[in-house]
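Beneath this line is the structure, given in structure tokens, with notes to follow.
Derivation of every value follows stated rules applied to the coordinates shown; laboratory data play no part. Small disclaimer: the values here were computed from a predicted structure and weren't measured. A quick note on method: Cβ atoms are made from the backbone with ideal geometry, for glycine too, and the neighbour counts reach across all protein chains shown.
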Amino acid sequence: MDALIFVLILATLMAMWRGKRRLAGLLFAVSLVAVWMLFKHHATDALPINL
Amino acid sequence: MTLFRLCIAITCILATCAVLLGALWAQFGQGEFPCPLCIIQRMAMMLAALGPAWLLCRAARGPVDAHDFAQCYACSILAALVGGTVSARQVLLHIAPGDPGYGAPMFGMHLYTWAFVVFVVVVLASAIQMLFLPKRSEAHRVGLGARLSVLLLGAIIAVNAVAVFVESGFHWYLPDNPTSNRLIEELRSEVSEPSAGERESGVEPP
């Protein structure tokens, strides 16, 4: 999963380099959402703080 | 003025690349395996650097205006907010007294604490850039330095993709506390395991 997201980020950079604005914007949004979903998957431990 | 703005964009990319290279040095030079949250922070840092990189790519193809600047730096701010959330969570995970933290500290702070500082700086720098947007579109020749900085960012992303694939192997997710490169371990165990024919004939593998 992690490697796939890195490949997605690289594809975003390549779309930017080639001047494809819509594709770059779409890939950026998908990458950002994928990063957030991956964080949600890993953020399972309880924080050791008392509020 | 556009040249000055493009120089700032190059500086933002190179500064992020320096931080990412530092993380790679900690991984390969010091033998520290990055945890899943560290990897996510690297991803967010790369996405934050894509903002100024996109600006340079647009400037290389024609005049850039206030809309281009705002769109690119808004991307950086969004990515920095995601990254800042992740690094803040990792800081909180190790905030209890007596917790040694994850990995060795560098210049007095752990890498995830430095990452939080970097994300705050990215938000501040992008916001300041957006305060001084150009009033009209301006064209400027994008030089070799700008192209090289974007290429360097691309190379760092590619190296991270390979490194994390070696670390995770053929698994969807990294373990919470990785201690080895799972791809290499799996390939080694594949090689050392006897084949079905060898098991039936009772031949010991070399």
Within chain B, excluding any trypsin sites (Lys or Arg not before Pro) found in a DSSP loop (not H, G, I, E or B) and having at most 13 other Cβ atoms within 10 Å, the longest uninterrupted segment runs B:1-134
Place a point 7 Å from the Cα of B:GLU190 in the direction of its beta carbon; the residues of the stretch A:1-44 whose amide N falls under 17 Å from it are A:1
Of B:148-160, A:13-25, ordering from highest average Cβ density within 10 Å down gives B:148-160, A:13-25
So, with points 7 Å from each Cα along the Cβ direction, the B:LEU152-A:ARG18 label distance in nm works out to 2.6 nm
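Set the Förster radius R0 to 51 Å, insert the Cβ-Cβ distance between B:ASP65 and A:LEU4 as r into 1/(1 + (r/R0)^6), and round the FRET efficiency to 0.05.
Calculated value: 0.90.
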Helix B:66-93 sits off the longest principal axis of the Cα atoms of chain B, rounded to the nearest 10 on a 0 to 90 degree scale, by 40 degrees
Using alpha-carbon coordinates alone, the radius of gyration and Dmax of chain A in Å work out to 15.0, 50
Inter-chain shielding metric for A:7-19, i.e. average beta-carbon neighbours from other chains within 10 angstrom, reads 6
Averaged over the residues of A:30-40, the number of partner chain Cβ atoms within 10 Å of each residue's own Cβ comes to 5
Rounded to the nearest 10 degrees, the helix A:21-42 long axis (Cα) sits at an angle to the longest Cα principal axis of chain A of 20 degrees
Note: B:72-85 gets an average of partner chain Cβ contacts (10 Å, Cβ to Cβ) equal to 2
With Cα coordinates, the longest principal axis of chain A makes an angle with the long axis of helix A:2-17, in degrees rounded to 10, of 30 degrees
Quick calc: nm separation of the 7 Å Cα→Cβ label points for B:LEU81 and B:ALA96 -> 3.2 nm
What one gets for the stretch B:1-147 as the Kirkwood radius, inverse of mean 1/r over different Cα pairs in Å, is 16.2 Å
Compactness summary of the stretch B:67-206: radius of gyration and Dmax from Cα atoms, Å, are 23.3, 81
For the stretch B:31-84, the percent of all C-alpha pairs falling in each 5 Å bin, from 0 up to the bin holding the max distance, is 5, 21, 23, 17, 13, 10, 6, 4, 2, 0
Rounded to two decimals, the Rg over Rh value of the protein assembly as shown from Cα coordinates and the Kirkwood Rh reads 1.06
The computed P(r) of the stretch B:103-164 puts the percent of Cα pairs beyond 19 Å at 65 percent
